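The values are calculated or read from the model by the stated rules, or taken from the named source; none is laboratory data. Just so you know, these numbers come straight off a predicted model, no measurement behind them. All Cβ positions, even for glycine, are placed from backbone atoms using ideal geometry, and neighbour counts span all protein chains on display.
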Amino acid sequence: MKITKIETIHVDEFWHVMWVRVHTDTGHIGLGETWYLPRAVSSVIHEIYAPSIIGQDPMNREGIWAYLFGMAEGFGYAGAEFRALSALDIALWDIAGQVAGQPIYNMLGGKVRDKVRIYNTIGSYGDIQDDEFERRDPVGLAQSLIDEGITVMKAYYLAETGQETGGNFISARQIKDALKPLEKQRKALGDQIEIAHDGGGLWQLAPAMRIVKAMEQYDIFWQEEMIRPVNVETHLKLAAETSTPICAAERLFSKWHFRDFIEKGAAEIVMPDLIWTGGITETKKIATLAETYQTPVAPHDWTGPVNVFACSHISMSCPNVIVQETNRAYYRGWYDKFVEPNLDIRDGYLYATEEPGLGTRLKAEVFDRPDVHVEVTDEGRDWNWAGFVDPGQKIAHYYQPKVPGQGL
């Protein structure tokens, strides 16, 4: 089996999301996804990655992952390069599952559960305007989730204050005012729903300490990204100030970024975002590393449908996954426009697909949209840090060999 063609697809309506499809000479097509600056990611794929893996066996996922990482690492990999690698990795796993006739979680060691608890992140699309709903009626919003069987939610109570102050200062009055919706939710609903808080990485350490202490009385499920995850020691100081678990972080790329946060206990709950931290291959390793430190994992999502499908296979196969992020405004709002089937979410749980591979595919009508952009690479070329060369031209290589086990 060989890779014959790689496509990137994005649409103007949802301009941050990008899909990648990997085609093979056997007719199998793998689907991947990433989020943020799709034109930059497409450039990485079509200028460097796709020509380099045309003709390779898509089953060699580890070899391809290491090869592509070796290309990007020399220039700084934690950006469009890693988002591109993540999307391609998901697509390769999709192909592997299709060839085996198995869901991806079976390729990862099998299921440890048939369903995973979800939490809802507040968002809006179409008829579901939860952002407005929260401002108008925070208790009603939380109750509507409970009515659907969702028992965990995440909110951004301090976001406006952080943006106004630049995250450098917060007064006692500002904290009290910002937390009025949370106070109403707890008084009305008690412990019927768990509430996680996301700080959006907006705060400096001192105001973050003040905020997490003030919020403890509301029994917060976790405090996520109160500060940017750029300093392990600072995270440890924040963790020492509160009994609420510290969750980190969607902004970390790869097992190397996560390592110190996990080993030192700065991330008491680990939150990898699969579509930019290295795909299924890398997220499985991050979850296993966290498991060795008895640290739970909560995969991040606030993006497209393929991410949640991919996350579901991690969630079904990793014992230490505790909850999966979702956004009902998205999976009930716009996912159906692009994939079939949609996610199976019922009574507060995401259920495992029984389909081979990823378990979903892009709808044919996506390619008929007037706002769709498709780019294709179907020719392979050899590459090194000096650029591409014609096949057969002799040139020194400064990265891992294409074929696993082959010398330079």
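Determine, yes or no, whether Ile150 is modelled with pLDDT of 95 or more, out of contact with any Ser or Thr (no Cβ under 9 Å at 6 or more places or on another chain), surrounded by 15 or more Cβ atoms within 10 Å (Cβ to Cβ) and closer than 16 Å to Trp302 by Cβ. Against the criterion (modelled with pLDDT of 95 or more, out of contact with any Ser or Thr (no Cβ under 9 Å at 6 or more places or on another chain), surrounded by 15 or more Cβ atoms within 10 Å (Cβ to Cβ) and closer than 16 Å to Trp302 by Cβ), Ile150 does not qualify. Screening Pro319, Pro370 for residues that are under 26 Å from Trp256 (Cβ atoms) and assigned to a loop (DSSP other than H, G, I, E, B) leaves exactly one candidate, Pro319. The set of residues from region 2-29 being of a type in the set (S, T, N, Q), over 11 Å from Ala50 (Cα atoms) and buried (at least 19 other Cβ atoms within 10 Å of the Cβ) comprises just one member, Thr24.
Just one of (1) within 16 Å of Ala239 (Cα to Cα); (2) buried (at least 24 other Cβ atoms within 10 Å of the Cβ) fails for Ile269. It is (2).
Each row is one residue, and each column tells you yes or no for (1) among the β-branched types (Val, Ile, Thr); (2) assigned by TED's automatic domain parsing to the domain that holds Gln217; (3) outside any helix (DSSP H, G or I); (4) modelled with pLDDT of 95 or more.
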| position | (1), (2), (3), (4) |
| --- | --- |
| Val230 | yes, yes, yes, no |
| Lys237 | no, yes, no, yes |
| Thr244 | yes, yes, yes, yes |
| Arg251 | no, yes, yes, no |
| Phe258 | no, yes, no, yes |
| Ala266 | no, yes, yes, yes |
| Trp276 | no, yes, yes, no |
| Ile280 | yes, yes, no, yes |
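Of all residues in region 231-248, those that are touching a residue at least 12 places away in the same chain (Cβ under 8 Å) have Cβ atoms under 6 Å from Cβ atoms of residues that are assigned to a helix (DSSP H, G or I) and small (Gly, Ala, Ser), 6 or more apart or on another chain, in Leu238/Ala208; Ile246/Ala239.
Rundown of residues vs (1) under 30 Å from Pro38 (Cβ atoms); (2) among the hydroxyl-bearing types (Ser, Thr, Tyr), yes/no style:
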residue: Tyr67; (1), (2): yes, yes
residue: Tyr77; (1), (2): yes, yes
residue: Leu85; (1), (2): yes, no
residue: Ile95; (1), (2): yes, no
residue: Gln98; (1), (2): yes, no
residue: Gly110; (1), (2): no, no
residue: Lys115; (1), (2): no, no
residue: Tyr119; (1), (2): yes, yes
residue: Gly126; (1), (2): yes, no
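Filtering region 197-228 to residues that are farther than 28 Å from Lys285 by Cβ, aromatic (Phe, Trp, Tyr) and part of a loop (DSSP other than H, G, I, E, B) leaves only Trp203.
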